[in-house]
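The values are calculated or read from the model by the stated rules, or taken from the named source; none is laboratory data. Just so we're clear, the structure is a prediction, and the values are computed from it rather than from any experiment. FYI the Cβ positions are ideal-geometry reconstructions off the backbone, even for glycines, and counts take in every protein chain you see. The protein model used for the area step is the full one, side chains on, heavy atoms only, and it has no ligands, DNA or RNA in it. Shrake-Rupley method; radii C 1.70, N 1.55, O 1.52, S 1.80 Å.
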Amino acid sequence: TMHFALSGSSTTLKAMTNEAVVRIDGHISDPREDSGDVGTGWYEQMPVQPQQILSDMMKNMWGDVFKGPCDSMFLRHLHSGQSQTVNAHSDCPAYSPSGDHSCSEIHEYNHEVHACAPADDEDEHDGH
């Protein structure tokens, strides 16, 4: 197929040969009950978590040299075998199994800037 005027056999893409491709689907939702559709955190969570996307970008650019306090969330390295994290409805703090969800609490949660914390509180991270 032709995309962006590139032919598959005649073009060597440096991002692919250097294994430097990332996707924006690191965190996805569980399937919706009515349609089976799966969403991504990129559109709803990422805009209010700039510290997280910045950390993801730095990890993908600098690899293990970058020692930040955030785990990868939005960006997923295509060639490393990194799997997606599925966020279930029950992971939401405003979820109610009876269906009586707090829409205002969900709205407030998605608009808070959440701080990253090291996976191990004993770790010292000097960052770059």
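One residue stands out among those in the range 69-122 that are among the aliphatic types (A, V, I, L, M), modelled with pLDDT of 80 or more and closer than 21 Å to Q49 by Cα: the one that is most open to solvent (accessible area, probe 1.4 Å), which is V86. Criterion applied to S7, S29, S35 was being modelled with pLDDT of 85 or more, out of contact with any Ser or Thr (no Cβ under 8 Å at 6 or more places or on another chain) and small (G, A, S), and the one residue passing it is S35.
When residues in the range 55-107 are screened for being closer than 14 Å to I24 by Cβ, touching a residue at least 24 places away in the same chain (Cβ under 8 Å) and in a helix (DSSP H, G or I), 2 of them pass. Regarding G127, is this residue modelled with pLDDT of 80 or more and of a type in the set (G, A, S)? Taking the combined requirement at face value, the residue does not satisfy it. Which of the residues belonging to the range 37-50 are open to solvent by 40 Å² or more (accessible area, probe 1.4 Å) and in a loop (DSSP other than H, G, I, E, B)? Hits for the range 37-50 are D37, V38.
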